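The values are calculated or read from the model by the stated rules, or taken from the named source; none is laboratory data. Given the structure is predicted, the values throughout are model-derived calculations rather than measurements. Glycine gets a Cβ as well: all are built from the backbone with ideal geometry, and neighbour counts include every protein chain shown. Accessible surface areas use protein heavy atoms only, side chains included; no ligands, DNA or RNA. Shrake-Rupley method; radii C 1.70, N 1.55, O 1.52, S 1.80 Å.
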Amino acid sequence: FEVKDLNLYYGEKQALKQLNLTIGKNRVTALIGPSGCGKSTLLNLLLGGMEDYRGSIFFDAYNIKEISKDSLYHLVSMIQQNVFVFDATIRENITMYKEFSDSKIQDVLQLAKLEALIKEKGQLYKCGENGCGLSGGEKQRISIARSLLKHASVLLVDEATASLDRESAYEIVSDILEIRDVTRVVVTHSLEEALLKRYDQIITMKDGRIVEQGKFEELMEKREYFYALYTVAK
C-alpha cells in the first residue's frame, strides 16, 4: 500500500489529517495510538470501505478506487475482535462451505496453529452457536485460517486480541507475526516489547495524524511520543 495526502472528514470533524505512509509487501506494520486517533478508520479505508476521502490510496500501484470491491475483498482480509462463528463444524467455519483440498486445509491449520485443537476435537467438531464451544483464541485462529485459505495477500488486524487474556493475546499476535508471504497491518494497544521489536515498522498516531514511524529501537531512542506511550503502559 502507498497512502498519499490522505484526509477524511466526518461532517465538519476531520478524522484523518494529511496521512502519508508506505506499507511494504510481505512486511508487518503496527498501528499504535490512543482510542479515537484514526487507526481503525485507516484500516477501513485500506479495505475499500469508504471512498469519500481526499488523497490517494494505492494497492500494488493501482488506485483502490479503480479496483472492484470483489477483487479487493479477495486480496485483503480483516480480522476483528468479534469473530463470527457458525453453528457448524470447524472445517466448515474455515472453508465457509467452499471446496478445498485436504492438503490446502492442512496447510492453513498448521499456519494458524490449529493443529492442537484438531488433534483434540477433530475437524468435524461442532462449534456451537457463535462458537460457544470454542475459546476466544480458537475463534481468532479460525478467522486467521479463513484468510489464509482464500490466499489473501493482505491481512488487516483490528484489535483482534482485545477480549483475550494476556497469554492468549500474546500467542495470537506472535502467530500473526510469523506468517510469511502476507502483508500484515496490526492495530494494537498491547505494548509488549518482545512483540514490538518484531514489527518491520511501527506507525504511531494521534488525533488523526501520524506523529512518528520507525522500528521499535529507533522510536525508543527518540524519546518522544511513542516512548511516552510505551513508558506509561509499563
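Could you report the chain's accessible area per residue, 1.4 Å probe, as an integer in Å²?
Ligands and nucleic acids excluded, the result is 51 Å² per residue.
Name the long-range amide H neighbours of LYS126: under 5 Å, sequence gap of 5 or more, or other chain; modelled H, no Pro or chain starts.
Amide H neighbours of LYS126, under 5 Å, 5+ apart: none.
Could you compute the net charge surrounding GLU51? Neighbours are other residues with a C-beta less than 14 Å from the C-beta of GLU51; K and R count +1, D and E count -1.
So the environment of GLU51 carries a net charge of +1.
If R0 is 30 Å, what FRET efficiency do you get for LYS65 and GLN106 from their C-beta distance, rounded to 0.05?
The formula returns an efficiency of 0.20 here.
For the chain, take the longest principal axis of its alpha carbons; what is the angle in degrees between that and the long axis of helix 166-178, to the nearest 10 within 0 to 90?
That works out to roughly 80 degrees.
In whole percent, how big is the carbon plus sulfur part of the accessible area of the chain, probe 1.4 Å, protein atoms only?
So the carbon and sulfur contribution to the accessible surface is 47 percent.
In whole Hz, what ³J(HN,Hα) sequence does the range 42-53 give by Karplus (6.51, -1.76, 1.60; θ = phi - 60°), x for Gly and Pro?
4, 4, 4, 5, 5, 7, x, x, 9, 10, 8, 10
Name the shape class, rounded, prolate or oblate, that the alpha-carbon gyration tensor gives for the range 122-165, where a ≥ b ≥ c are the square roots of its eigenvalues, rounded holds for a/c under 1.5, and otherwise prolate holds if a/b is larger than b/c and oblate otherwise.
oblate
Once you charge only the Cβ atoms, +1 for Lys and Arg and -1 for Asp and Glu, what is the size of the charge dipole of the range 1-109 about its Cα centre, to the nearest 20 debye?
Around 400 debye, computed over the range 1-109.
Starting from the Kirkwood radius over alpha-carbon pairs of the range 74-132, derive D by Stokes-Einstein at 20 °C in a medium of 1.002 mPa s and give it in µm² s⁻¹.
After rounding, the answer is 174 µm²/s.
Over the range 1-119, calculate the relative contact order: mean separation of alpha carbon pairs under 8 Å at least 6 apart, over the residue count, as a percent.
22 percent
Suppose a student asked you for the relative contact order of the chain, using Cα pairs under 8 Å spaced at least 6 residues apart; what percent would you report?
28 percent
What list of ³J(HN,Hα) couplings, whole Hz, do you get for the range 222-232 from phi and the Karplus terms 6.51, -1.76, 1.60, once you set θ to phi - 60° and write x for glycine and proline?
5, 6, 10, 5, 4, 4, 5, 4, 5, 5, 5
Please identify, among THR29, THR89, THR188, the residue showing maximal mean-square fluctuation in a Gaussian network model of the chain using a 10 angstrom Cα cutoff.
It is THR89.
Taking the square root of 5 times each eigenvalue of the Cα gyration tensor, what semi-axes in Å does the equivalent ellipsoid of the chain have, largest first?
31, 21, 16
Which one of VAL76, LEU6, MET50 has its Cα pushed farthest toward the positive end of the charge dipole of the range 1-117, where Lys and Arg give +1 and Asp and Glu give -1 at the Cβ?
LEU6
Roughly what angle does helix 136-149 make with the longest principal axis of the chain, taking Cα atoms, 0 to 90 degrees, to the nearest 10?
90 degrees
Give me the net charge for the shell around LEU16: Cβ to Cβ below 15 angstrom, other residues only, Lys and Arg +1, Asp and Glu -1.
It works out to a net charge of +2.
With everything on Cα atoms, drop me the angle between helix 102-111 and the longest principal axis of the chain, reported from 0 to 90° to the nearest 10.
With rounding to tens, the tilt is 50 degrees.
Given the options GLN213, GLN140, ALA228, identify the residue whose Cα lies farthest towards the positive end of the charge dipole of the range 127-234 (+1 on Cβ of Lys, Arg; -1 on Cβ of Asp, Glu).
GLN213
In whole Hz, with x marking every Gly and Pro, tabulate ³J(HN,Hα) for the range 121-135 from phi via Karplus 6.51 cos²θ - 1.76 cosθ + 1.60, θ = phi - 60°.
10, x, 5, 8, 5, 7, 6, x, 4, 6, x, 5, x, 10, 7
Which of rounded, prolate, oblate describes the range 37-85, given a ≥ b ≥ c as roots of the alpha-carbon gyration tensor eigenvalues and a/c under 1.5 marking rounded, otherwise prolate only if a/b is larger than b/c?
Here the range 37-85 falls in the oblate category.
Using a Gaussian network for the chain with springs between C-alpha atoms less than 10 Å apart, which of these wobbles most: LEU164, LEU124, LEU45?
LEU124
Taking 0.36 nm per residue of sequence separation and subtracting the Cα-Cα distance, how much length would be gained by fully extending the chain between ASN20 and ASP181, in nm to one decimal?
55.6 nm
If the only charges are +1 at each Lys and Arg Cβ and -1 at each Asp and Glu Cβ, what is the size of the charge dipole of the chain around the Cα centre, to the nearest 20 debye?
Dipole about the Cα centre, nearest 20: 140 debye.
Only Cα pairs under 8 Å and at least 6 apart count here; give the relative contact order of the range 111-234 as a rounded whole percent.
Relative contact order for the range 111-234 comes out at 17 percent.
So for the chain, taking the charge dipole from beta-carbon charges (+1 Lys/Arg, -1 Asp/Glu), which of CYS37, ILE118, GLN18 sits furthest toward the positive end?
Working it through, the farthest residue towards the positive pole turns out to be GLN18.
Under 1.5 on a/c is rounded, so check that first for the range 3-135, then, if it is not, pick prolate when a/b is larger than b/c and oblate when it is not; a ≥ b ≥ c are the square roots of the alpha carbon gyration tensor eigenvalues.
Prolate, since a/c reaches 1.5 and a/b exceeds b/c.
Would you pull out the residues with amide H under 5 Å of GLN201's amide H, same chain only if 5 or more places away, H placed 1.01 Å from N?
It is VAL28, ALA30, by chain and number.
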